[in-house]
Amino acid sequence: MESVGVLMPVPMSPYLEQELERRFNLLKLWTAPEKAEFLKAHSGAVRAVIGNAGNGADVGLIEALPELEIIASFSVGIDKVDLEKCREKGIRVTNTPDVLTDDVADLAIGLALGVLRRLCEADGYVRSGGWKNGDYKLTTKFTGKTVGIIGLGRIGKAVAKRVEAFSCPIAYYSRTEKPDLKYKYYPSVVELASNCDILVVVCPLTQETRHIINREVIDTLGPKGILINIGRGPHVDESELVSALLEGRLGGAGLDVYENEPDVPEQLFQLENVVLLPHVGSDTVETDTAMADLVIGNLEAHFLNKPLLTPVV
Ligand code: 8YV
């Protein structure tokens with residue numbers, strides 16, 4: 001397979017890069033001084049593209065690669081891949097489900113604890129010597145709070161499992177009720193928001209879920225409510241979120257994702273009731289390796305005419 005052209009548009013995982021280089025003709029778009037020229041020069045050779053959470057494959061890229069057969073995303077979310085175009089052109093698409101579920105769910109708990117117990121601010125209190133002048137202030141309990149989950153797929157269920165250990169009542173919103181689950185279902189996000197203390201966004205990003213967290217939802221969650229977003233930035237109307245936090249209409253937020261990554265609204269930097277992470281949901285050494293192996297497994301299966309391991313299209 002050494003001659004198969006695999007295009008990587010942006011740097012992702014050094015391990016993935018190294019393993020791809022050992023097996024394929026890896027074309028690293030970001031290293032080219034003139035990207036358009038590079039694409040043109042290699043367009044006939046590229047049979048696979050590696051996507052990720054930030055860079056998938058839009059119509060422009062797909063149309064520019066006439067020999068493209070497969071887009072293997074180094075992410076579970078494939079909102080940056082034009083699936084419609086892929087279906088139309090018979091291009092296969094794979095992602096990396098399951099292997100990252102635990103890490104992303106773990107991070108949701110970390111963010112909730114971080115916001116409620118002010119872990120980052122309290123850490124700063126120690127480092128800056130503040131403790132010598134007195135104890136840190138009281139914070140808010142997590143155990144027993146009602147947690148609302150938007151999207152009860154693999155990761156949503158893993159969040160619920162963890163939250164159960166904190167004796168938190170669990171409610172959820174999803175397109176359809178899941179009668180096999182014992183959690184309380186609400187048929188709208190506003191109803192869910194009015195019945196929980198902590199609202200966790202963990203559904204895929206689609207046209208229907210873009211700005212699923214709008215002003216009405218934020219105001220319903222209210223001055224004591226906490227929003228945790230481990231899904232995608234565009235799930236949340238970010239300017240509404242920022243003004244609600246600045247005006248005290250929302251109790252706090254734990255965010256791993258943003259509307260225009262890596263840009264994060266700077267007004268949030270001054271707020272102690274907000275924990276900001278740089279989209280690191282699945283970024284552990286262990287999961288990076290597992291995701292990379294899955295990307296490679298899918299590519300190898302495809303080029304050996306075997307069934308794909310984790311097909312989306
Ligand atoms: C990120 C993700 O890719 O899989 C996804 O859809 O958003 C994450 O795995 C990762 O955290 C960014 O490095």
Filtered residues of segment 99-132 (kept if open to solvent by less than 40 Å² (accessible area, probe 1.4 Å) and within 24 Å of residue 300 (Cα to Cα)): 100, 101
Taking the residues in segment 49-98 that are acidic (Asp, Glu) and within 13 Å of the ligand (Cβ to nearest atom) as candidates, determine which candidate is surrounded by the fewest Cβ atoms within 10 Å (Cβ to Cβ). 98
Every residue in segment 12-48 that is within 16 Å of the ligand (Cβ to nearest atom) and surrounded by fewer than 18 Cβ atoms within 10 Å (Cβ to Cβ), please. 14, 15, 17, 30
Of the conditions (1) open to solvent by 40 Å² or more (accessible area, probe 1.4 Å); (2) under 22 Å from residue 75 (Cβ atoms), residue 176 clears all except one; give me its number. (2)
Any residue that is polar (S, T, N, Q), surrounded by 12 or more Cβ atoms within 10 Å (Cβ to Cβ) and touching a Lys or Arg at 6+ places or on another chain (Cβ under 6 Å) - is there at least one of those in segment 145-165? no
Pairs, please: C-beta under 8 Å, at least 6 apart or cross-chain, first residue aliphatic (A, V, I, L, M) and in segment 102-117, second away from the ligand (no atom under 16 Å from the Cβ) and assigned to a helix (DSSP H, G or I)? 105/161; 105/162; 108/162; 109/162; 109/163; 113/119
Given the conditions (1) of a type outside the set (Lys, Arg); (2) within 16 Å of the ligand (Cβ to nearest atom); (3) free of Cβ contacts under 8 Å to residues at least 12 places away in the same chain, which single one is not true for residue 284? (3)
For residue 264, state whether it is touching a Lys or Arg at 6+ places or on another chain (Cβ under 9 Å), closer than 23 Å to residue 123 by Cα, without any contact (Cβ under 8 Å) to a residue 40 or more places away in the chain and not basic (Lys, Arg). no
The conditions are (1) away from the ligand (no atom under 16 Å from the Cβ); (2) surrounded by fewer than 23 Cβ atoms within 10 Å (Cβ to Cβ); (3) not small (Gly, Ala, Ser), and residue 260 fails exactly one of them. Which is it? (1)
Regarding segment 4-11, can at least one residue be identified that is within 16 Å of the ligand (Cβ to nearest atom), touching a helix residue (DSSP H, G or I) at 6+ places or on another chain (Cβ under 9 Å) and open to solvent by 40 Å² or more (accessible area, probe 1.4 Å)? yes
Of the conditions (1) surrounded by 15 or more Cβ atoms within 10 Å (Cβ to Cβ); (2) in contact with a helix residue (DSSP H, G or I) (Cβ under 9 Å, 6 or more places away or on another chain), residue 204 satisfies every one except a single condition; which number is it? (2)
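The values are calculated or read from the model by the stated rules, or taken from the named source; none is laboratory data. What you are looking at is a predicted structure, and each value in this text was computed from that prediction instead of being measured. As a convention, Cβ positions derive from the backbone with ideal geometry for all residues, glycine included, and neighbour counts pool all protein chains shown. Only protein heavy atoms, including side chains, enter the accessible area calculation; ligands, DNA and RNA are left aside. Shrake-Rupley method; radii C 1.70, N 1.55, O 1.52, S 1.80 Å.
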